[in-house]
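The values are calculated or read from the model by the stated rules, or taken from the named source; none is laboratory data. It should be emphasised that the depicted structure is a prediction, and the values quoted were computed from it without experimental measurement. All Cβ positions, glycine included, derive from the backbone under ideal geometry; neighbour counts span all protein chains shown. Calculation scope for accessible area: heavy atoms of the full protein, side chains included, ligands and nucleic acids excluded. Shrake-Rupley method; radii C 1.70, N 1.55, O 1.52, S 1.80 Å.
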Amino acid sequence: MIWLALLPLLWGGWLGMVDANWWPLVLITTMSLLTALAYAHDKRQAVRGGWRVPEARLHLLELLGGWPGALLARHWLRHKTQKGSYRLVFWFIVLLHLTLWGLWVGRPLWQGP
């Protein structure tokens with residue numbers, strides 16, 4: 001499943017090369033880094049028993065485009081992988097993003113000339 005994190009980066013790079021439309025790649029990369037840092041901070045706080053990052057804030061970062069970073073952080077940090085309700089919302093966000101990306105990138109194919 002970790003390969004899913006590469007799809008928006010590849011699509012964003014493709015959009016940049018084809019349409020000179022680089023903002024999606026910049027947005028995804030920036031949000032992914034911010035989200036991965038938030039996951040790392042939350043993991044550190046969980047180990048130390050400190051104040052945690054609210055789950056709603058993590059989901060907001062994922063929804064704003066940081067889900068690839070969250071996916072990588074979940075894998076590398078082994079964080080936020082057990083709670084079923086969190087995973088359900090996370091995978092819904094991933095599915096939503098992949099669907100929207102597929103519609104946007106595939107638009108020239110189904111729209112026609």
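Things to note:
- Accessible-area composition of the range 8-113, carbon plus sulfur, in percent [1.4 Å probe]: 70 percent
- Computed extension gain for Leu103 through Leu37, at 0.36 nm per residue and net of the alpha carbon distance, reaches 20.8 nm.
- Contact order normalised by residue count of the chain, Cα under 8 Å, 6+ apart, percent: 28 percent
- The alpha carbon radius of gyration of the chain, expressed as a multiple of 2.2 N^0.38 Å, is 1.16.
- The C-alpha atoms of the chain define a longest principal axis, and helix 6-19 lies at about 30 degrees to it.
- Take the Cα of Thr30, go 7 Å toward its beta carbon, and the backbone nitrogen atoms of the range 44-82 under 18 Å from that spot belong to 60-70.
- With a simple spin-label model that places each label point 7 Å from the Cα along the Cα-to-Cβ direction, the separation between Trp91 and Ala20 comes to 4.3 nm.
- Using alpha-carbon coordinates, inclination of helix 67-77 to the longest axis of the chain, degrees: 40 degrees
- Rounded to whole Å, the principal axis extents of the Cα atoms in the range 1-60 read 48, 22, 15, largest first.
- Nearest 10 degrees, 0 to 90: helix 23-48 Cα axis against the chain principal axis: 10 degrees
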